[in-house]
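Trainee: One structure coming up, written as structure tokens, with questions to follow.
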Ligand code: G1P
Ligand code: ZN
């Protein structure tokens, strides 16, 4: 098997962000761009010689070609074995499971998550470590350093073998195993949940609509929900993955999953609605005519996780990203379990999960997961919900109303200002940062500020300190305002404004969401001069 060494030079901007290296697809297709980065993944993690990796992606445009390049480079770098999903398909959670189950050295996941795909869309490459989770910063920093020093990369001269057929082939000394992408994941879900109870739920006429958004969860949801659990055929919609996600935006929120929202608001709406994103790690949950915010979903799942076999008496703690609402904190307090607040990005949950300190984790951005893998997991969240509803008996909307009646409601919304000039975004953040120390005690929009800081996280396990993770302003009534810049955008800067207003258990939980948030929205404008800095009077995306 002839291998060659190709001379190259460093390419600017190959610094992994919140979730790997994410760029325009066209950028990744520039010859040498992907090759440089893949070589640096190997070089930054002690070389590929003798190692085993899981490789797969969400099926977006360029997925299969990129996997061909990775196979040729892994073989040329001396890797012993690759485990690849058939046709290059693996959801992010399925890849995380395979990395752990087969005790591999890590995995390379190709996805730009919920960003649009296609020739003019986005592409991404993420390295996951041997625990199955996104590489922690010390690894991504080492990879990045290599990208600034690289002089050559190694690649097989021949094309890679056929990844469309289940089976094995070799390239030099490297064995490539092409496996069914769903099998191992389905087995894991069977181990966690009461499939019998969920089957009975469907037999009794319970109806679900799962929108796979033309993305990777189509085959997973069809096999598990329809084939294994007996949901009627057609319960999974947009089930065939397409390279450009059917021209859509595979982001499961009320704006982009509008087809699901329309179905769930119709006269004959199913009992339960859900959607997942490009690579299958996010989830959106709906009841009839009701969107369950991801922050509320995390709180409710924590409150009722004991109804699922894997979690009964086993929830040691819970963790949420800092911008996620404080609804789950109230549940944790009542359950007398710790609640950790981490920076944005799933990688920060890894140490807590590995140490057994957190069992359930979640982010406001439609990410929920548990210690079963080291990624968030869209279909897992749907199955935990179905397990809970099957065992509890109440309708999801009723369950949530009862929850608010007991804990109070954290009204919550995120306002995104997209593609704003980087300098304008940075000016806004630094001006706000300057003001922070003087804010406590001041009143704004009729609310008194109790605390204000730029969030810093001291990891309780490895003592690493991560600073400047977003500005948070808390009010004495339990409401809160958070602002940070996105780490996953590929064009300009995205300002995220996270708004939370707390109304206690005896208050009105039926207000219009944006109206209820009125004072917090006004406080955001008054403290950060958003209109002045961005030139926009309303957010581009409100979720
Ligand atoms: C976004 C979400 C964050 C999530 C990440 C990767 O990152 O806000 O919660 O972990 O995508 O899916 P951001 O663009 O805000 O940096
Ligand atoms: Zn994703």
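The values are calculated or read from the model by the stated rules, or taken from the named source; none is laboratory data. Since this is a predicted model, take the numbers as computed values, not measurements. We place every Cβ from the backbone using ideal geometry, glycine too, and count neighbours over all the protein chains shown.
Trainee: Within the group 501, 484, which residue is within 16 Å of ligand 1 (Cβ to nearest atom), touching a strand residue (DSSP E or B) at 6+ places or on another chain (Cβ under 9 Å) and in a strand (DSSP E or B)?
Mentor: 484
Trainee: Residue pairs, Cβ under 7 Å, 6 or more apart or interchain, first in segment 81-106 and closer than 18 Å to residue 169 by Cα, second at pLDDT 95 or above and within 16 Å of ligand 1 (Cβ to nearest atom). List them.
Mentor: So the pair list comes out as 88/57; 89/216.
Trainee: Quick one: count up the residues across segment 117-151 that are within 14 Å of ligand 2 (Cβ to nearest atom), under 15 Å from the mean Cα position of the chain (by Cα) and over 17 Å from residue 378 (Cα atoms).
Mentor: 4
Trainee: Across segment 364-400, what is the number of residues that are within 16 Å of ligand 1 (Cβ to nearest atom), assigned to a loop (DSSP other than H, G, I, E, B) and within 21 Å of residue 182 (Cβ to Cβ)?
Mentor: Adding up the residues that qualify gives 5.
Trainee: Follow-up. List pairs: first residue in segment 375-394 and more than 20 Å from residue 114 (Cβ to Cβ), second residue away from ligand 1 (no atom under 16 Å from the Cβ) and at pLDDT below 95 anywhere in the structure, Cβ distance under 6 angstrom, at least six positions apart or on different chains.
Mentor: none
Trainee: So, one more: Please determine, by comparing only the residues of segment 315-336 that are closer than 19 Å to residue 372 by Cα and touching a strand residue (DSSP E or B) at 6+ places or on another chain (Cβ under 8 Å), which one is farthest from ligand 1 (Cβ to nearest atom).
Mentor: Per the stated criteria, the residue is 315.
Trainee: Might you check whether a residue that is within 25 Å of residue 346 (Cα to Cα), within 16 Å of ligand 1 (Cβ to nearest atom) and surrounded by 22 or more Cβ atoms within 10 Å (Cβ to Cβ) occurs anywhere in segment 297-311?
Mentor: Within segment 297-311, one or more residues are within 25 Å of residue 346 (Cα to Cα), within 16 Å of ligand 1 (Cβ to nearest atom) and surrounded by 22 or more Cβ atoms within 10 Å (Cβ to Cβ).
Trainee: Could I ask something else about it? Can you tell me which of 458, 439, 481 is farther than 30 Å from residue 123 by Cα, at pLDDT 95 or above and either within 16 Å of ligand 2 (Cβ to nearest atom) or surrounded by fewer than 17 Cβ atoms within 10 Å (Cβ to Cβ) (or both)?
Mentor: Testing whether each residue is farther than 30 Å from residue 123 by Cα, at pLDDT 95 or above and either within 16 Å of ligand 2 (Cβ to nearest atom) or surrounded by fewer than 17 Cβ atoms within 10 Å (Cβ to Cβ) (or both) leaves just 458.
Trainee: Just one of (1) surrounded by fewer than 18 Cβ atoms within 10 Å (Cβ to Cβ); (2) under 23 Å from residue 396 (Cα atoms); (3) touching a strand residue (DSSP E or B) at 6+ places or on another chain (Cβ under 9 Å) trips up residue 226, so point out which.
Mentor: Answer for residue 226: the failing condition is (1).
Trainee: Take the residues in segment 353-373 that are at pLDDT below 95 and within 15 Å of ligand 2 (Cβ to nearest atom), then tell me which one is nearest to residue 305 (Cα to Cα).
Mentor: My answer is 366.
Trainee: Sticking with this structure for a sec: Quickly run through segment 467-478 and pick out the residues that are farther than 20 Å from residue 522 by Cα and surrounded by fewer than 17 Cβ atoms within 10 Å (Cβ to Cβ).
Mentor: 467, 468
Trainee: Looking only at segment 129-167, count how many residues are within 23 Å of residue 93 (Cα to Cα), touching a helix residue (DSSP H, G or I) at 6+ places or on another chain (Cβ under 6 Å) and either part of a helix (DSSP H, G or I) or within 15 Å of ligand 1 (Cβ to nearest atom) (or both).
Mentor: Residues meeting the conditions: 4.
Trainee: Right, another one. Take residue 89 and tell me if it is surrounded by 18 or more Cβ atoms within 10 Å (Cβ to Cβ), within 15 Å of the chain's Cα centre (by Cα), modelled with pLDDT of 95 or more and within 16 Å of ligand 2 (Cβ to nearest atom).
Mentor: no
Trainee: Hey, another quick one. Considering every residue within segment 261-271, establish whether at least one is surrounded by 23 or more Cβ atoms within 10 Å (Cβ to Cβ) and in contact with a helix residue (DSSP H, G or I) (Cβ under 8 Å, 6 or more places away or on another chain).
Mentor: Checked against the condition, which is being surrounded by 23 or more Cβ atoms within 10 Å (Cβ to Cβ) and in contact with a helix residue (DSSP H, G or I) (Cβ under 8 Å, 6 or more places away or on another chain), segment 261-271 yields no hits at all.
Trainee: Another question, then. Out of all the residues in segment 56-82, which are surrounded by fewer than 24 Cβ atoms within 10 Å (Cβ to Cβ) and assigned to a strand (DSSP E or B)?
Mentor: If the condition is that a residue be surrounded by fewer than 24 Cβ atoms within 10 Å (Cβ to Cβ) and assigned to a strand (DSSP E or B), then 81 is the only one that fits.
Trainee: Something else now. Here are some residues: 4, 23, 15. Which one is within 16 Å of ligand 1 (Cβ to nearest atom) and in a strand (DSSP E or B)?
Mentor: Unique residue meeting the criteria: 23.
Trainee: Which fully enclosed strands (runs of 3 or more DSSP E) of segment 262-352 have 1 or more residues being within 16 Å of ligand 2 (Cβ to nearest atom) and on the phi < 0 side of the Ramachandran plot?
Mentor: Counting at least 1 such residues, we get 272-276, 283-287, 318-321.
Trainee: For a quick check of your reading of the model, give me the residue pairs whose first member lies in segment 161-172 and is farther than 21 Å from residue 2 by Cβ, whose second is at pLDDT 95 or above and not in a strand (DSSP E or B), with beta-carbon atoms closer than 7 Å and at least 6 apart or on different chains.
Mentor: 166/180
Trainee: Here's a follow-up. List the residue pairs whose Cβ atoms are under 8 Å apart, where the first residue sits in segment 309-327 and is within 12 Å of residue 364 (Cα to Cα) and free of Cβ contacts under 8 Å to residues at least 24 places away in the same chain, the second is away from ligand 2 (no atom under 16 Å from the Cβ) and assigned to a helix (DSSP H, G or I), and the two are 6 or more positions apart or on different chains.
Mentor: From residues that are within 12 Å of residue 364 (Cα to Cα) and free of Cβ contacts under 8 Å to residues at least 24 places away in the same chain, there are no pairs.
Trainee: Something else: Looking at (1) under 21 Å from residue 529 (Cβ atoms); (2) within 14 Å of ligand 1 (Cβ to nearest atom); (3) surrounded by fewer than 20 Cβ atoms within 10 Å (Cβ to Cβ), can you tell me which one residue 494 breaks?
Mentor: Every condition holds for residue 494 apart from (3).
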